[in-house]
Every structure is written in C-alpha cells, then in structure tokens.
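The values are calculated or read from the model by the stated rules, or taken from the named source; none is laboratory data. Source: prediction; values computed, not measured. FYI the Cβ positions are ideal-geometry reconstructions off the backbone, even for glycines, and counts take in every protein chain you see. In case anyone asks, the SASA skips ligands and DNA or RNA and just uses the protein heavy atoms, side chains included. Shrake-Rupley method; radii C 1.70, N 1.55, O 1.52, S 1.80 Å.
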Amino acid sequence: MPLSRMFAIALISASLALLAISHFRYGLAAQSGLLLSILPLLFAGLLLGRHGLWITAGAYLIVLVLGSWTDLQQGTAVPTLHDAIANLLQPVMGCAIVGLILDRLILKSDINRQRTHELVQLCRQLEVEIREKEQSQAQLTHSQRMDSLGKLAGNAAHDFNNVLSVILGYASQRDTPFSSEAANEQLDRIVAATRRGKQMTDKLLTLARIDPPLRETFDANASLRDLLPMIRSMLGRRVEVVTELGGERAWVHMDYMEFEAGVLNIVKNAADAMPEGGGFRIASERVGEEVHLRFEDTGHGMPADVAERVFEPFFTTKPPSKGSGIGLAMVYRTIAESGGRVEVRSDPGHGTGFLLRLPLREFPQYDDTRL
C-alpha cells in the first residue's frame, strides 16, 4: 500500500476517533455543527475515492448514533427517544447530502480520468501507426526507385551486352591469315577488356533482375561456412575473421545466389573500411521465429547521417574507383523481398555492424544439395 494512502487512512481514522470520543462524552446535542463533522468525509472523498467515502460515512453514522445514545443516558438536552431521533435526523441528512455530492464529483472525476487515459492510449496508438506508415512509405519509395533503376539498367545492359558480344566474337578469332604474335597480344587485351565489360553488364542485369528469383530453403549457417574461404581471401591476412555460428540449423527461404552475393557485398565494404587490418565477426542465432545474422567489422565506421542513407541506390562515400553504391542497395532489396529486415549500427572509429533478420522456415521435406 502506498505511504500516502496509509497516511490518509490514519488521518481519517484519527478524526473519526476524536468525533466518537466527543459524542460519547458530551452527546450529539452538544456538538458545534456540521462543518467539523464533514471533514472526515471530505478527506475520504479526496484521498480514498468512492469506496473510502462510503465506509467513512458509515463509520460517522455510528458516531452519530453513539451521540444520540449519550443524550438519552444523560436525559438533559434530549429527555425522550422521540427527541433523540429528531435531533439525529439533521446531521444524518447533512452527511447523506454531502456524501452524495462528493460521490457524484468523484465519479465524474474518475470518468474524466478514464477518458484522458483512453485518449493518451489512442494518441500513442496513432503515433505507432503513423510511424509504421512512414516506414512502409519509405520502403515503398525505396522499392520504386530500385524498380526504376533496374529497368533503366536492364535496357542499357541489354544493348551494351549485345555490342560486347559482337566485339568478343571478332576478337576471339585467332586463326585468320593475318594473325601475328603482336596482333594476338592486342587481341588478348581486347578479350580481357571485353570480359571486364561483360562483368559490369552482368551486375547491371542482376540489379534489373528480369527473371524471377529462384527461392529455395537452405541452412544459412551451412552457406556461411561454405563462404568462409572466399571471405578470408577478400579480407586478406591482416583481418582476423571470427565465426560464432549457432549450433541449430538456420533454415531460410530465398535465392541462394543472391544470399551469397549479399554476404560478399557486406564483406567487400568491411574490407574497404579496414585497409590497415582489423577484425571481422560473423555470428548467427535463432531468435523466436527469426534467423539473426550479424556481420561486424572494426573499421573506421560511419557517422549517423551516412548510416541512414547507406541502403540508398548509388549512394557512396567512396571514390569512383572503389565503389558504385549498388551493393548494399541490392542487399536491402534481397532481404526485404524475402520477408526480412536489415539493420545497421555504426560509430565513427568503432566499426560497423549489419544485422540481417530473416524469417525462420520449417525443415524442408525434400533432398536439397545445399543442406
């Protein structure tokens, strides 16, 4: 029980006790009036509510009856029972009227308090709904931008790839009479440059992704273990790779190649953030109905304004030769379209961490070579 409520009960009890002593000693007729008698009712209504008010009113009624009994015993101011009852009616009616008025006031106050509480809850619910709608709108805008960029990239890549295919066809013909060692060397360079151009257009086609993804159910932990040699190669010997993969199977349902490409994109960004070396941590766990995959580096980190825009297409703080701003945008789209979420945490000078939250799937009921 709160200390304030205990103090209120003690104060009201003391007031009733004093009134009882006064009525028992001097009788009801000798009391000064109604003002002193209603003080316990006022305190009870203000501090204890409706329930406490009527308990106090009942106790005060007993005090009044005690005072009338004292008047009859003394036989001075009230010589008969009829006189005692008549003398008792006035304070009883006054107590009842004051009690009813206080009861109505407290009831209205409780109703207003309840309405205020409901309005506060409604406002909080509206704030949550508005925040969710803003997040949905941001995701929709992001998806629309990615779709537009994908269509643009797809058209450009398709036409450019046709041209590169023709060049590559001519450059690969080595058995013509005019071939020489110098010409072959030049042709080697043409072939290498053309293949590099094809790799670039392949990335654009991946961004456009005209064909639907080939989703399958696989163990994310097993996939990460298979990628470890490639991850260590990308990060180099100066970066220590630590793995903390959960012991349980982490079944996810998505495009396997896109999953691997997303992981390697995160690793590439970590490598760029640690040119002098550092540490890279890969962890996984099953949390409720989700699979959590964490990728954390000890690189230079990002300020808050950069971290907020890290998933925007073509947004990058790297020089043109280091990055295009497409990799993390593809990671965001791949995870979102698989029903998951991507979260980023970064502090300047303290590294960056990505959390991939994917829905946990049931154990597949068929043979899968990727298990």
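With respect to the conditions (1) closer than 24 Å to Leu48 by Cα; (2) open to solvent by less than 70 Å² (accessible area, probe 1.4 Å), Val120 falls short on a single one, namely (1).
Hey, Ile266 hits all of (1) at pLDDT below 90; (2) aliphatic (A, V, I, L, M); (3) in contact with a Gly (Cβ under 9 Å, 6 or more places away or on another chain) but one; which does it fall short on? Every condition holds for Ile266 apart from (1). Against the test of being open to solvent by 20 Å² or more (accessible area, probe 1.4 Å), on the phi > 0 side of the Ramachandran plot, at pLDDT below 65 and out of contact with any Lys or Arg (no Cβ under 7 Å at 6 or more places or on another chain), the options Arg196, Arg209 yield a single qualifying residue, Arg209. Here Ser346 fulfils each of the conditions (1) at negative phi; (2) within 24 Å of the chain's Cα centre (by Cα); (3) touching a residue at least 60 places away in the same chain (Cβ under 8 Å) apart from (3). Report whether or not Gly262 is part of a loop (DSSP other than H, G, I, E, B), touching a residue at least 24 places away in the same chain (Cβ under 8 Å) and open to solvent by less than 30 Å² (accessible area, probe 1.4 Å). In short, no. Selection over the range 305-360 of residues that are of a type in the set (Asp, Glu) and either surrounded by 14 or more Cβ atoms within 10 Å (Cβ to Cβ) or part of a loop (DSSP other than H, G, I, E, B) (or both) gives a count of 3. Within the range 226-244, the residues that satisfy the criterion of being open to solvent by 20 Å² or more (accessible area, probe 1.4 Å), in a strand (DSSP E or B) and either of a type in the set (Val, Ile, Thr) or out of contact with any strand residue (DSSP E or B) (no Cβ under 9 Å at 6 or more places or on another chain) (or both) are Val241, Val242, Thr243. Listed by first and then second residue, the pairs linking a residue in the range 44-64 that is of a type in the set (Lys, Arg) to a residue that is open to solvent by less than 90 Å² (accessible area, probe 1.4 Å) and part of a helix (DSSP H, G or I), with Cβ atoms under 6 Å apart and 6 or more places separating them unless they lie on different chains, are Arg50/Asp103; Arg50/Ile106.
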